[in-house]
Amino acid sequence: MTTEIRNPANPLRVRFTRKPVDLQEVLAATPYDERPEPVVISETRELTTAEYDAFSGSLLQDRDWLAGKGGYPDHATRHVVEVKAENRKTLYVDPSGSAYGRYVGIAVEA
């Protein structure tokens, strides 16, 4: 597990959607949901495109690799799992101790 802060002076900021069913819900809700917040990437998960599509199509399904991660372990900054696949939008997932995508977001430009 790695913890990464890309640029402490200008941290990665993510806008989250709470308990989205799928990627379409994240993309539709993101411009209108909560204000973007800085995150710490605690782990990066690289998926195949098929794995990514299955994951992003059912974000409420439990995944072993999300179990117990996320939340605010330092009581200040949200910790996330970065989920990537070739030719797909990078997702930032905060299961907040659960094993599903309780909060899923995409990065916003500064």
Revision key, fill the gap. Reported to the nearest 10 Å², ARG45 has, with a 1.4 Å probe, an accessible area equal to 80
Practice item. Express in Å², to the nearest 10, the accessible area of LYS19 obtained by rolling a 1.4 Å probe over the protein heavy atoms while all chains stay in place. Key: 80
Point to revise | Size of charge dipole - the range 23-88 - debye, nearest 20, with Cβ of Lys, Arg +1 and Asp, Glu -1, no other charges | key: 80
Practice item. Leaving out ligands and nucleic acids, note down the accessible area per residue over the chain with a 1.4 angstrom probe, in whole Å². Key: 56
Study note, to complete from the structure: Expressed as a percent, the accessible surface of the chain that is carbon or sulfur, using a 1.4 Å probe and the full set of protein chains, is 47
Exercise for review: Pull up all non-local amide H partners of ARG78: gap of 5 or more, or a different chain, and H-to-H distance under 5 Å with H placed in the peptide plane.
Suggested key: VAL40
Revision key, fill the gap. Binned at 5 Å starting from 0, the alpha-carbon pair-distance distribution of the chain in whole percents comes out as 2, 13, 25, 28, 21, 9, 2, 0
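The values are calculated or read from the model by the stated rules, or taken from the named source; none is laboratory data. Here the structure is a predicted model, which is why all the values come from computation and not from measurement. Because the Cβ atoms are built from the backbone with ideal geometry, glycine has one as well, and the counts that use them run over all protein chains shown. Ligands, DNA and RNA are excluded from the accessible area calculation, which covers all protein heavy atoms including side chains. Shrake-Rupley method; radii C 1.70, N 1.55, O 1.52, S 1.80 Å.
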